[in-house]
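Single-structure report; data block below.
The values are calculated or read from the model by the stated rules, or taken from the named source; none is laboratory data. Model, not experiment: these values are computed from the prediction. Glycine gets a Cβ as well: all are built from the backbone with ideal geometry, and neighbour counts include every protein chain shown. Ligands, DNA and RNA are excluded from the accessible area calculation, which covers all protein heavy atoms including side chains. Shrake-Rupley method; radii C 1.70, N 1.55, O 1.52, S 1.80 Å.
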Amino acid sequence: MDISGPQLVFEIIDPPSVSTNEIKQKTADNRAFIIGLDFQDQSITVHGLIDPFSGYERVLREFLNRIGNRNLIIDITSLPKKVYFFLTKLLFGEFALPRNIVFTYGEPSTYSQKPLAENPDPWEALPGFRISPRDENNRKVVVGIGYEPLGLPDLVDAGRFDETQMNFLFPFPAEADRVARNWRFIRGIFPNPASGRLSVTRVDGINVPEVYQALLGIGEHGEQGLILAPFGPKPVSLAMALYAAKYSHHPNQTGVYYTQPTYYNPEYSTGVREIDGHRVLNAYCVKLDGRFVY
């Protein structure tokens, strides 16, 4: 695919915290590295993490109109969920071009053992994926299991959800320490889950087609209304974005909700996973020659 065309980069500014200076330095280092790639047509757009989404939306629409039918690569490795979920919906709906679209994701080598993200905002719909409150009760809730529940326990304690509503997508196989953290995620929400009532589906955390098929089963190809909660690995969230975008105009519209953290650990992850000495970059073809794969 042609990667010599226009490049759009999002620089996200987190709210002030005890790590602000360290985050600023890491951001400046990454900006310098990206500029050093010498793209001839590169645009870096700066937004606050909690800024109104209208600024993000304007930039996305302008970029899609600008690139037309060029091949499009979208790297979600560190892209905020609200950006690539909304972008996916635009590509499934309003924009017939480009004809070829690939998403990419680089796996970290290691994650910090300290909390990765904290201080979550309240449970809220991602832009473009809100459903009417009157429709929430008849929907299954599908949660991508990650490392930080980020406010989900409070919602359960408040009676917002019970075990019969919750469906968990559990990344497996995975390294033993990561599996343990995933189970802590579940127990942080339901300390004593009843195995007969709690639905846990094991999925390969980097296999987008497999996760998408699991969602098709849970959602009965759009016939069963879903609320998706993308707390797990980025490829799991990508599968959720593809499902929600495809069924966004279905009578049983799929909602996507999240408790956006406002603080990220500056040591969130380290390095890039390697196999046989080669860095791993996962690529997912979503649209080929004008036809969606999903």
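The figures follow:
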read-out	value
Boolean, PRO230 is surrounded by 14 or more Cβ atoms within 10 Å (Cβ to Cβ), more than 11 Å from the chain's Cα centre (by Cα), at pLDDT 95 or above and farther than 15 Å from PHE103 by Cα	no
Strands (runs of 3 or more DSSP E) contained entirely in region 166-239, each with at least 2 residues that are touching a residue at least 40 places away in the same chain (Cβ under 8 Å)	166-171, 226-229
Inter-residue pairs, beta-carbon under 7 Å, first farther than 16 Å from ARG160 by Cα and in region 111-127, second aliphatic (A, V, I, L, M), 6+ apart	ALA117/LEU150; PRO120/LEU150; LEU126/VAL256
Total residues in region 101-112, condition crowded, with 19+ Cβ neighbours inside 10 Å and not acidic (Asp, Glu)	3
Options ASN69, ASN21; residue that is open to solvent by 40 Å² or more (accessible area, probe 1.4 Å) and assigned to a loop (DSSP other than H, G, I, E, B)	ASN69
Near pairs, Cβ below 6 angstrom, 6+ apart or cross-chain, from region 9-30 (free of Cβ contacts under 8 Å to residues at least 40 places away in the same chain and of a type in the set (Asp, Glu)) to any residue that is loosely packed, with under 13 Cβ neighbours inside 10 Å and part of a strand (DSSP E or B)	GLU11/ILE44
Selection count where residues are assigned to a loop (DSSP other than H, G, I, E, B) and either open to solvent by 30 Å² or more (accessible area, probe 1.4 Å) or among the aliphatic types (A, V, I, L, M) (or both), scope region 113-138	16
Where a residue in region 73-99 is free of Cβ contacts under 8 Å to residues at least 40 places away in the same chain and open to solvent by 10 Å² or more (accessible area, probe 1.4 Å) and its partner, wherever it lies, is in a loop (DSSP other than H, G, I, E, B) and of a type in the set (D, E, K, R), with Cβ under 7 Å and at least six apart	none
Selected residue (criterion: surrounded by the fewest Cβ atoms within 10 Å (Cβ to Cβ)) from residues of region 243-277 that are touching a residue at least 24 places away in the same chain (Cβ under 8 Å) and among the small types (Gly, Ala, Ser)	GLY271
Every residue from region 139-172 that is of a type in the set (A, V, I, L, M), more than 19 Å from GLY219 (Cβ to Cβ) and surrounded by 15 or more Cβ atoms within 10 Å (Cβ to Cβ)	LEU150, LEU152, LEU155, VAL156
